[in-house]
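The structure that follows is given in the form of structure tokens.
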Amino acid sequence: MIKVTGNENLAEIAALGESVVEVFKAKGLGNYLESEALEKMGRFIKLSTLLKSNQIHQEGFLKLINQALSDETLATTSEWENLHFSAMLPCGLRNPFKEYIESHFEEHKDTFESLNYLLDGNVNHELSFYPLLEEMSDESELPDIVLASDVNNFFHKPFIEKFINKGVFKTYAPHALNPYLEKVGFADVNNHYTMYTANMLIMVVDKQKLGDRPMPKNWDDILDPAFEKDIIMRGEDDFFCNAVMLPFYKEHGFDAIRALAKNIKKGLHPSEMVKMIGKNQEDGAAVYIMPYFFAKRINSDKAQIVWPEDGAIASPVFILVKEKKMEEHKELLEFLFNQETGEVLKGRYFPVTHPDVDLSEFPDAVKWLGWDFLAKYDIGRLKQEIREEFMRIY
């Protein structure tokens with residue numbers, strides 16, 4: 001008889017049958033065994049990690065599962081391969097970059113036919129996959145190569161202590177960094193994270209709603225009480241963009257977080273902002289904080305893009321490569337970091353690291369948190385403290 005120990009991945013658990021699924025549903029975990037979740041996470045997330053993340057007592061849960069199991073053997077369909085490459089793409093890249101990558105894989109079937117990969121949007125993982133990173137203990141739960149966005153759980157203390165500090169990942173550096181990003185020290189000084197590109201966050205001002213107030217020129221300007229409840233940024237309910245919050249905290253501490261909270265009207269997805277700006281809607285705002293890619297999609301003479309004088313915020317898009325797998329995936333890495341791929345990213349208004357891609361069309365000023373800041377703080381705890389203080393005022 002099969003006995004579940006907690007080391008099985010979620011795909012293996014789901015294949016055990018409906019009786020096991022019912023145990024998950026009873027504990028409020030049924031969504032993790034649905035087909036979409038299994039496709040995204042099931043192949044590499046262990047049951048023990050899921051239980052720890054949801055603060056469920058493992059021994060008791062395993063007892064319920066094993067009681068529910070019959071003498072049937074593990075279905076052969078549960079023999080999932082390890083995930084080689086996972087890309088959690090920022091929204092501005094998700095569809096076109098996914099199509100570009102898949103087209104390349106199709107054209108080079110002989111090279112990539114055995115590659116097990118998953119390409120998805122970063123926003124789909126902020127509240128699902130990323131929290132599970134806190135409880136992972138085995139590198140086998142992680143793909144060989146991970147592309148991710150924002151200052152997320154890959155920068156949190158638990159992940160750093162269990163994987164980064166132990167040298168699981170090593171920077172892939174086939175060439176010097178493009179001067180545009182190198183000038184702000186974008187490359188990881190400790191050679192663990194491979195910096196890929198940046199999602200540049202800027203302001204867009206609705207001139208109708210701005211009225212006679214001065215046009216903001218830098219980030220500090222939008223902390224002015226004159227913009228109370230008149231700014232929209234990426235977010236929803238009690239989640240707001242960390243990439244925006246952290247630079248404000250770095251420069252002005254919690255005073256900036258409180259001032260920003262007073263001025264934020266609501267959170268929206270950038271695609272929703274694009275449809276709203278210049279329409280003089282009652283639920284609109286004077287200032288919108290959004291990625292440069294989305295700002296360039298706005299078609300209204302009433303909207304003005306403001307690349308702040310103190311720099312667009314460079315929200316990191318990075319890759320983690322397992323050192324022991326680097327040679328095995330040499331062709332994939334060469335493709336991801338070649339000049340042609342860099343030009344594709346640039347075409348979506350993402351400045352890239354390849355030195356031969358001309359980035360002169362991007363305004364000069366860049367605001368990057370910096371590796372000293374990321375090393376100084378327990379980033380996960382700091383983000384939680386910022387969120388709590390922001391929501392207290394908001």
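The values are calculated or read from the model by the stated rules, or taken from the named source; none is laboratory data. Keep in mind that this is a model prediction, so the values were computed, not measured. So basically every Cβ, Gly included, is an ideal-geometry build from the backbone, and we count neighbours across all protein chains shown.
Between Gly235, Gly211, which is in contact with a strand residue (DSSP E or B) (Cβ under 7 Å, 6 or more places away or on another chain) and either free of Cβ contacts under 8 Å to residues at least 24 places away in the same chain or not assigned by TED's automatic domain parsing to the domain that holds Arg348 (or both)?
Working: Gly211 fails: in contact with a strand residue (DSSP E or B) (Cβ under 7 Å, 6 or more places away or on another chain).
Being in contact with a strand residue (DSSP E or B) (Cβ under 7 Å, 6 or more places away or on another chain) and either free of Cβ contacts under 8 Å to residues at least 24 places away in the same chain or not assigned by TED's automatic domain parsing to the domain that holds Arg348 (or both) holds for just one of Gly235, Gly211, which is Gly235.
Pick out the one residue from Asp372, Asp378, Asp301, Asp310 that is among the charged types (D, E, K, R) and farther than 30 Å from Asp238 by Cα. Outline the logic, then answer.
Details: Asp372 fails: farther than 30 Å from Asp238 by Cα; Asp378 fails: farther than 30 Å from Asp238 by Cα; Asp310 fails: farther than 30 Å from Asp238 by Cα.
One residue alone meets the criteria, Asp301.
Could I ask something else about it? Please enumerate the residues belonging to the stretch 286-325 that are of a type outside the set (Val, Ile, Thr) and in a strand (DSSP E or B).
Tyr288, Met290, Pro291, Ala303, Gln304, Ala312, Ala314, Ser315, Pro316, Phe318, Leu320, Lys322
Restricting attention to the stretch 203-222, and to residues there that are touching a helix residue (DSSP H, G or I) at 6+ places or on another chain (Cβ under 8 Å) and crowded, with 21+ Cβ neighbours inside 10 Å, which single residue is nearest to Ser300 (Cα to Cα)?
Val204
Would you call Pro225 free of Cβ contacts under 8 Å to residues at least 24 places away in the same chain and touching a helix residue (DSSP H, G or I) at 6+ places or on another chain (Cβ under 9 Å)?
Here the answer is no, as Pro225 does not meet what is asked.
Here is a follow-up. So the check is Cβ under 7 Å with 6+ separation or different chains; which pairs have a first residue in the stretch 352-373 that's modelled with pLDDT of 95 or more and a second one that's surrounded by fewer than 15 Cβ atoms within 10 Å (Cβ to Cβ) and among the β-branched types (Val, Ile, Thr)?
Short answer, once both residue conditions are applied: Trp371/Val189.
Cβ-Cβ below 7 Å, separation at least six or inter-chain, first residue in the stretch 70-95 and at pLDDT below 50, second outside any helix (DSSP H, G or I) and of a type in the set (A, V, I, L, M): which pairs?
Asp71/Met1; Thr73/Ile2; Leu74/Ile2; Leu74/Ala15; Leu74/Leu16; Ala75/Ala15; Thr77/Ala15; Ser78/Ala15
Please go through the stretch 298-330 and give me each residue that is charged (D, E, K, R) and either assigned by TED's automatic domain parsing to the domain that holds Asp221 or over 30 Å from Phe112 (Cα atoms) (or both), ordered by number. Can you show your working first?
Within the stretch 298-330, the subset charged (D, E, K, R) is 301-302, 309-310, 322-325, 327-328, 330.
Correct list: Asp301, Lys302, Glu309, Asp310.
Moving on to the next point. Does Glu328 fit the bill of being in a loop (DSSP other than H, G, I, E, B), of a type outside the set (A, V, I, L, M) and over 30 Å from His108 (Cβ atoms)? Outline the logic, then answer.
Details: in a loop (DSSP other than H, G, I, E, B): yes; of a type outside the set (A, V, I, L, M): yes; over 30 Å from His108 (Cβ atoms): no.
So Glu328 does not fit the description; no.
In the stretch 337-369, how many are touching a Gly at 6+ places or on another chain (Cβ under 8 Å) and either among the aromatic types (Phe, Trp, Tyr) or over 20 Å from Pro90 (Cα atoms) (or both)? Full working, then the answer.
The first filter runs over the stretch 337-369 and keeps only residues touching a Gly at 6+ places or on another chain (Cβ under 8 Å), leaving 348-350, 352-354, 356-357, 365-368.
With the extra rule that they be either among the aromatic types (Phe, Trp, Tyr) or over 20 Å from Pro90 (Cα atoms) (or both), the set shrinks to 349-350, 356-357, 365, 368.
So the count comes out to 6.
Going by the structure shown, is Asp283 part of a loop (DSSP other than H, G, I, E, B), without any contact (Cβ under 8 Å) to a residue 24 or more places away in the chain and not hydrophobic (A, V, I, L, M, F, W, C)? Break it down stepwise before answering.
Details: part of a loop (DSSP other than H, G, I, E, B): yes; without any contact (Cβ under 8 Å) to a residue 24 or more places away in the chain: yes; not hydrophobic (A, V, I, L, M, F, W, C): yes.
Spelling it out, Asp283 is indeed part of a loop (DSSP other than H, G, I, E, B), without any contact (Cβ under 8 Å) to a residue 24 or more places away in the chain and not hydrophobic (A, V, I, L, M, F, W, C).
Follow-up. Being in a helix (DSSP H, G or I), within 27 Å of Asn165 (Cα to Cα) and in the same structural domain as Leu177 (by TED's automatic domain parsing) is the requirement here; does Leu333 meet it?
Details: in a helix (DSSP H, G or I): yes; within 27 Å of Asn165 (Cα to Cα): yes; in the same structural domain as Leu177 (by TED's automatic domain parsing): yes.
Taking the combined requirement at face value, the residue satisfies it.
Could you list, in sequence order, the residues of the stretch 13-34 that are assigned to a helix (DSSP H, G or I) and either within 15 Å of Lys63 (Cα to Cα) or not assigned by TED's automatic domain parsing to the domain that holds Phe44 (or both)?
Our first condition is that a residue be assigned to a helix (DSSP H, G or I); within the stretch 13-34, this holds for 13-14, 18-26, 30-33.
The answer is Ile13, Ser19, Val20, Val21, Glu22, Val23, Phe24, Ala26.
What pairs can you find where one residue is in the stretch 377-393 and touching a residue at least 24 places away in the same chain (Cβ under 8 Å), the other is loosely packed, with under 14 Cβ neighbours inside 10 Å, and their Cβ atoms are less than 6 Å apart, with a gap of 6+ or different chains?
Met391/Asp238
I've got another one for you. Does the stretch 305-319 contain any residue that is among the aromatic types (Phe, Trp, Tyr), surrounded by 23 or more Cβ atoms within 10 Å (Cβ to Cβ), in contact (Cβ under 8 Å) with a residue 60 or more places away in the chain and closer than 30 Å to Leu210 by Cα?
No, there is no match, as no residue in the stretch 305-319 is among the aromatic types (Phe, Trp, Tyr), surrounded by 23 or more Cβ atoms within 10 Å (Cβ to Cβ), in contact (Cβ under 8 Å) with a residue 60 or more places away in the chain and closer than 30 Å to Leu210 by Cα.
Got a number for residues in the stretch 218-250 being assigned to a helix (DSSP H, G or I) and among the β-branched types (Val, Ile, Thr)? Before you say what the answer is, go through the steps one by one.
Of all residues in the stretch 218-250, those assigned to a helix (DSSP H, G or I) come to 219-223, 225-227, 242-250.
Filter once more, keeping what is among the β-branched types (Val, Ile, Thr): 222, 244.
Number satisfying all stated conditions: 2.
Would you confirm whether any residue within the stretch 251-274 is part of a loop (DSSP other than H, G, I, E, B), surrounded by fewer than 19 Cβ atoms within 10 Å (Cβ to Cβ), touching a residue at least 12 places away in the same chain (Cβ under 8 Å) and not assigned by TED's automatic domain parsing to the domain that holds Tyr172? Talk me through it step by step, then tell me what you get.
First pass over the stretch 251-274, keeping only residues part of a loop (DSSP other than H, G, I, E, B): 269.
Then keep just the ones that are surrounded by fewer than 19 Cβ atoms within 10 Å (Cβ to Cβ); that gives 269.
Pick out the ones that are also touching a residue at least 12 places away in the same chain (Cβ under 8 Å) and you get 269.
Those left that are additionally not assigned by TED's automatic domain parsing to the domain that holds Tyr172: 269.
Checking the stretch 251-274: at least one residue is part of a loop (DSSP other than H, G, I, E, B), surrounded by fewer than 19 Cβ atoms within 10 Å (Cβ to Cβ), touching a residue at least 12 places away in the same chain (Cβ under 8 Å) and not assigned by TED's automatic domain parsing to the domain that holds Tyr172.
With respect to Phe44, determine if the residue is at pLDDT below 85 and in contact with a strand residue (DSSP E or B) (Cβ under 8 Å, 6 or more places away or on another chain). Lay out the reasoning, then the answer.
Details: at pLDDT below 85: yes; in contact with a strand residue (DSSP E or B) (Cβ under 8 Å, 6 or more places away or on another chain): yes.
It is true that Phe44 is at pLDDT below 85 and in contact with a strand residue (DSSP E or B) (Cβ under 8 Å, 6 or more places away or on another chain).
Name the residue, out of Pro174, Pro158, that is part of a loop (DSSP other than H, G, I, E, B) and touching a residue at least 60 places away in the same chain (Cβ under 8 Å). Explain how you work it out, then say what you get.
Working: Pro158 fails: part of a loop (DSSP other than H, G, I, E, B).
When all the criteria are applied, what remains is Pro174.
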